[in-house]
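As structure tokens, the structure follows; a few thoughts come after it.
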Amino acid sequence: DTAVSQTPKYLVTQMGNDKSIKCEQNLGHDTMYWYKQDSKKFLKIMFSYNNKELIINETVPNRFSPKSPDKAHLNLHINSLELGDSAVYFCASSPGPTGEKLFFGSGTQLSVL
Amino acid sequence: AQSVTQPDIHITVSEGASLELRCNYSYGATPYLFWYVQSPGQGLQLLLKYFSGDTLVQGIKGFEAEFKRSQSSFNLRKPSVHWSDAAEYFCAVPSTDKLIFGTGTRLQVFP
């Protein structure tokens, strides 16, 4: 009974393609996040949503568009994929918007060829 | 702005040995501080957190951390490491509605 689940786990695609990663949490949390982890394991926040409203939008190319249809889901759509987008993308959730005590999904490894 | 620094990129210990992973913080007031662990191929899991009160915090999997204001540190410790503790460890501090992570320390455990 996974608390934060994201799909797919692996995503291999060509440059220029458009892809989506889905995330769902069954914890009843109000806030969800997308983090990007690069090859050196550095974790950087991309977006956060609280009750379906965008509250954090870090310096991320506008090719990345998050969508939150309800507070249990936060999907990430990426247009025109580039080589530099290759990374592991983590979805996370927390009870409130202060960014404390995050629950993470197991990650989506994106490889752009 | 709040930040955390993990000075050690990679640490190797023998199974059964004690462990200390360093974390230094930069924060104006009394910080909230966290340690997360990332096992290979997995997301991060919260090990322990410090909000206030007792400066020695107990976490899961036998880990503890001590908040030392005088040294701006929140080091993670374990008295006897198990092979299953091999993972990446991240110190973190909240900052304006998000969690800021350190660069991580990779722990390798030899039998």
Given the structure, is residue B:39 more than 12 Å from chain A (Cβ to nearest Cβ) and either touching a Cys at 6+ places or on another chain (Cβ under 7 Å) or at negative phi (or both)? no
Has the stretch B:48-66 got at least one residue that is within 11 Å of chain A (Cβ to nearest Cβ) and among the β-branched types (Val, Ile, Thr)? no
How many residues, within the stretch A:28-51, are loosely packed, with under 12 Cβ neighbours inside 10 Å and over 25 Å from residue B:104 (Cβ atoms)? 1
The number of residues in the stretch A:104-113 that are at the interface with chain B (Cβ under 8 Å from one of its Cβ atoms) and surrounded by fewer than 22 Cβ atoms within 10 Å (Cβ to Cβ) is 1
Enumeration of residues in the stretch A:83-113 that are more than 19 Å from residue A:3 (Cα to Cα) and not in a strand (DSSP E or B): A:83, A:84, A:85, A:86, A:98, A:113
Please give the number of the condition residue A:81 fails out of (1) within 14 Å of the chain's Cα centre (by Cα); (2) at negative phi; (3) of a type outside the set (D, E, K, R). (1)
Within the stretch A:9-28, is there a residue that is farther than 25 Å from residue B:95 by Cβ, in a loop (DSSP other than H, G, I, E, B) and within 14 Å of another protein chain (Cβ to nearest Cβ)? yes
Condition test on residue A:24, is it open to solvent by 60 Å² or more (accessible area, probe 1.4 Å), within 11 Å of the chain's Cα centre (by Cα) and under 21 Å from residue A:95 (Cα atoms)? yes
Kindly state which strands (runs of 3 or more DSSP E) lie completely within the stretch B:9-111 and contain at least 2 residues that are over 22 Å from residue A:37 (Cβ atoms) and open to solvent by less than 70 Å² (accessible area, probe 1.4 Å). B:10-14, B:56-58, B:64-68, B:73-78
Can you name the residue in the stretch A:71-96 that is under 19 Å from residue A:29 (Cβ atoms) and open to solvent by 50 Å² or more (accessible area, probe 1.4 Å) and is also nearest to the other protein chains (Cβ to nearest Cβ) among such residues? A:95
Residue list for the stretch A:52-70, filter: open to solvent by 50 Å² or more (accessible area, probe 1.4 Å) and hydroxyl-bearing (Ser, Thr, Tyr): A:59
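The values are calculated or read from the model by the stated rules, or taken from the named source; none is laboratory data. Please read all numbers here as calculations on a predicted model, not as lab measurements. All Cβ positions, even for glycine, are placed from backbone atoms using ideal geometry, and neighbour counts span all protein chains on display. Protein only, heavy atoms only, side chains kept; ligands, DNA and RNA dropped before computing areas. Shrake-Rupley method; radii C 1.70, N 1.55, O 1.52, S 1.80 Å.
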